[in-house]
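A quick write-up on the structure given underneath.
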2 protein chains.
Amino acid sequence: MEKKEVKLIGSWSSPFAVRVIWALKLKGIEFEFIEEKDLMHNKSSLLVQSNPVYKRIPVLIHDGKPICESLNILEYIDEIWPHNRILPEDPYEKSIVRFWAKFTDEKLSEVLKNVLTSVGEDQEKKVKQFEDALNILESEMKEKKKKFFGGEENLGYLDLVLGAILWLEVIEEISYGKKIFDPERYPSFNRWIEEFKDSNIIKENLPTKDQISPYFRNIRKYVLASKTHE
Amino acid sequence: MEKKEVKLIGSWSSPFAVRVIWALKLKGIEFEFIEEKDLMHNKSSLLVQSNPVYKRIPVLIHDGKPICESLNILEYIDEIWPHNRILPEDPYEKSIVRFWAKFTDEKLSEVLKNVLTSVGEDQEKKVKQFEDALNILESEMKEKKKKFFGGEENLGYLDLVLGAILWLEVIEEISYGKKIFDPERYPSFNRWIEEFKDSNIIKENLPTKDQISPYFRNIRKYVLASKTHE
């Protein structure tokens, strides 16, 4: 096992950062967590230097070298510390989980961000897009349930990525005022959420509403204010 | 080497498909190319079955199993046929090329599509976004030129991805009417383009303007028409 210094610049409010925390914990890697305190108004110079292109979290710093973008970081972690693998070893199975990870970030995580920062008719459109993506995932999960786990018992890469869905409840509450995710409409997905939340590493490392809400409220306020000034 | 049947659903008009052709040629893999003839109005049932989520090219079919999304396909090809590697073996170097590949698709390829399908002020905004991304790549290339090649002499994954820039000339001509890419403003990038176009596999497998233009003209016409009906 590598013994070089591992740091993670992140925030408990971000599903993109927390999925990296989960991966490091699953592997049992010790790391220094550097909370990025004011992502909206005052980014740390460490973050800006480590990710000059996007200036966003998470950034993993391994032996002084920065690795950016959460999916990229998860692949890196699995290559550097190959025990408790999170990606399948078979190239075809790996291509399948990579496909769904990209789908999750483009069609769920990204769209959720849009739901958070919109209102009225515009927001309804985003909610509809989100539901369309959920429907696709629901039927995929129903058909090939096993693909969504690294193994029978173990969490895998795709589970950590899909974990972003756990932020949904706060987003519904803050920005939409009603439920988007109806467990009865997505029974397979809902079963997966329950199992996922109940897994060892996850239940011990779940951000609380208090950790998520203030930041998300601020983003919504800030983006909506800047829209009215356009 | 695997001897299973390899098929590629694609089109010479698409940089996303052609980068996969280049990778297969670099590896010397024999494959059946299945030209998707009418992507806009009449997708083949093979495409729809093989990529039910996005219904888009390219799709690699290896031994009957479909692999979708071009970056995903390139990774798969490099794992199945590891000779003439296109991705670096070192995990950190690999994370760097994956980072820039994602950047290329999000900030160049995607934005070029927007330039193609917009007009006036809206189009100028997209061109500006594209130039911003080019500036970032130019300084990266200037500083760490080698990163953009699999080796000193050999083409790598990131080169094949960046090859999308070769479609720019047609897009400038069809949709913008003037040059976006001024070689003097991007000397490192321009040097890379010249070297890339002159590499063996690339110069033998470059789509012609005749192969690209009609499809791109159609997309522009179609999207602009549907915008005026919104």
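The values are calculated or read from the model by the stated rules, or taken from the named source; none is laboratory data. This is a predicted model, so every value here is computed, not measured. Cβ coordinates were reconstructed from backbone atoms using ideal geometry, including for glycine residues, and neighbour counts include every protein chain displayed. These area figures cover heavy atoms from the full protein model, side chains too; ligands, DNA and RNA do not enter into them. Shrake-Rupley method; radii C 1.70, N 1.55, O 1.52, S 1.80 Å.
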Taking segment A:197-230, which residues are open to solvent by less than 80 Å² (accessible area, probe 1.4 Å) and of a type in the set (Ser, Thr, Tyr)?
A:SER199, A:THR208, A:SER213, A:TYR215, A:SER226
Among the residues of segment B:29-36, is there at least one that is closer than 20 Å to B:LEU162 by Cα, charged (D, E, K, R) and crowded, with 20+ Cβ neighbours inside 10 Å?
no
So B:GLY64 ticks every box in (1) in contact (Cβ under 8 Å) with a residue 12 or more places away in the chain; (2) under 30 Å from B:ARG217 (Cβ atoms); (3) of a type in the set (Gly, Ala, Ser) but one. Which box is left unticked?
(2)
Check segment B:40-61 and report whether any residue there is surrounded by fewer than 17 Cβ atoms within 10 Å (Cβ to Cβ) and either closer than 18 Å to B:GLY163 by Cβ or acidic (Asp, Glu) (or both).
no
Among the residues of segment A:62-82, the number that are more than 17 Å from A:ASP105 (Cβ to Cβ) and open to solvent by 10 Å² or more (accessible area, probe 1.4 Å) is 7
Is at least one residue of segment A:89-106 in contact with a His (Cβ under 8 Å, 6 or more places away or on another chain) and either modelled with pLDDT of 95 or more or assigned by TED's automatic domain parsing to the domain that holds A:SER50 (or both)?
yes
Failed item, numbered, when B:PHE148 is tested on (1) of a type outside the set (Val, Ile, Thr); (2) modelled with pLDDT of 90 or more; (3) in contact with a Phe, Trp or Tyr (Cβ under 7 Å, 6 or more places away or on another chain):
(2)
Looking at this structure, is A:SER70 closer than 26 Å to A:ALA225 by Cα and either in the same structural domain as A:TYR157 (by TED's automatic domain parsing) or of a type in the set (Ser, Thr, Tyr) (or both)?
no
Tell me, which helices (runs of 4 or more DSSP H) wholly within segment B:10-119 include 2 or more residues that are within 13 Å of chain A (Cβ to nearest Cβ) and under 26 Å from A:TYR54 (Cα atoms)?
B:70-80, B:91-103
Enumeration of residues in segment A:189-230 that are of a type in the set (Val, Ile, Thr) and under 17 Å from A:VAL170 (Cβ atoms):
A:ILE193, A:ILE202, A:THR208, A:ILE212, A:ILE219, A:VAL223
Could you look through segment A:83-115, keep only residues that are open to solvent by 10 Å² or more (accessible area, probe 1.4 Å) and in contact with a strand residue (DSSP E or B) (Cβ under 7 Å, 6 or more places away or on another chain), and pick out the one that is farthest from B:GLY64 (Cα to Cα)?
A:PHE99
Looking only at segment B:166-181, count how many residues are under 15 Å from the mean Cα position of the chain (by Cα) and open to solvent by 10 Å² or more (accessible area, probe 1.4 Å).
2
Enumeration of residues in segment B:75-125 that are under 15 Å from B:LEU26 (Cα atoms) and among the hydrophobic types (A, V, I, L, M, F, W, C)
B:ILE77, B:ILE80, B:TRP81, B:ILE86, B:LEU87
Of all the residues that make up segment B:161-181, how many are out of contact with any Pro (no Cβ under 8 Å at 6 or more places or on another chain), in a helix (DSSP H, G or I) and not charged (D, E, K, R)?
9
In this structure, is A:GLU184 in a helix (DSSP H, G or I), open to solvent by 10 Å² or more (accessible area, probe 1.4 Å), modelled with pLDDT of 90 or more and in the same structural domain as A:SER109 (by TED's automatic domain parsing)?
no
Test of understanding: among B:VAL59, B:VAL97, B:VAL48, which residue is touching a residue at least 60 places away in the same chain (Cβ under 8 Å) and among the aliphatic types (A, V, I, L, M)?
B:VAL97
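One line per residue, one yes/no per condition, for (1) touching a Lys or Arg at 6+ places or on another chain (Cβ under 7 Å); (2) farther than 16 Å from A:LEU155 by Cα; (3) small (Gly, Ala, Ser):
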position: A:ILE9; (1), (2), (3): no, yes, no
position: A:ALA17; (1), (2), (3): no, yes, yes
position: A:GLU35; (1), (2), (3): no, yes, no
position: A:VAL48; (1), (2), (3): yes, yes, no
position: A:ILE67; (1), (2), (3): no, yes, no
position: A:SER70; (1), (2), (3): yes, yes, yes
position: A:HIS83; (1), (2), (3): yes, no, no
